[in-house]
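So the structure is just underneath, and the comments pick up after that.
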Amino acid sequence: MKKLFVLIISLIGLFMIGCFSGDDDYGYSPSVAISDAFSFENEENYQVGDTLFFNLNFSRYLDEDGYDNELDIYETSNSEEFFYNPDFRKFSSFSDLYESVSIRQELFYSPNETTNVAKLNTGTNTYESQMGIILAEAGEYSISFNSVHISSGIPYYSENVDVNITNFSKNTPETYYFTVEE
């Protein structure tokens, strides 16, 4: 009887281990890198009230390390939108450093009224975004598009896969510096 009990417990243990194996790709979240997906013309000097504009464009077909075929991020994520947030900073004389700045939502501008979102253009098979930040106060600022995390933002409980994209500056400056004057 004791041997039967041990056999049943062993089988249940093996079954449980099989249930938690990685064969079903549960939790798989592909990470891909792109370069110079942001475009920005830095005027270096702005006035309070000016709007700083930049664009984000990247293909729905991206190279994924370790795979020969391109990853179709739309098919993988089933997402027509990818969310992002560039690194916007203001110089602080207290710390003698550029410090991260939170921007009020009403100071973001987008012609299509969707900020921090790149939407799929099915005609070109690219995700596109044009966005602006209304410069509301004087000071020295920086904005960086290097290492910006771009995500499909798929909820954890969804059957869809969250695709994580990181932009790297290859042929563009990592950080742009500019001044906003009264």
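A short reminder: the numbers here are calculations on the coordinates, not readings from a lab. All figures in this text were calculated on a predicted structure; none of them were measured in a lab. Methodologically, a virtual Cβ is constructed for each residue, glycine included, from the backbone with ideal geometry; neighbour enumeration extends over all protein chains shown.
Quick notes on this one:
- A DSSP coil position with no more than 15 other Cβ atoms inside 10 Å describes the following trypsin sites (Lys or Arg not before Pro) in the stretch 99-182: Arg104, Lys170.
- Between Thr166, Thr122, Val101, the Cα set farthest toward the positive side of the dipole of the stretch 87-182 (charges on each charged residue's Cβ, about the Cα centre) is that of Thr122.
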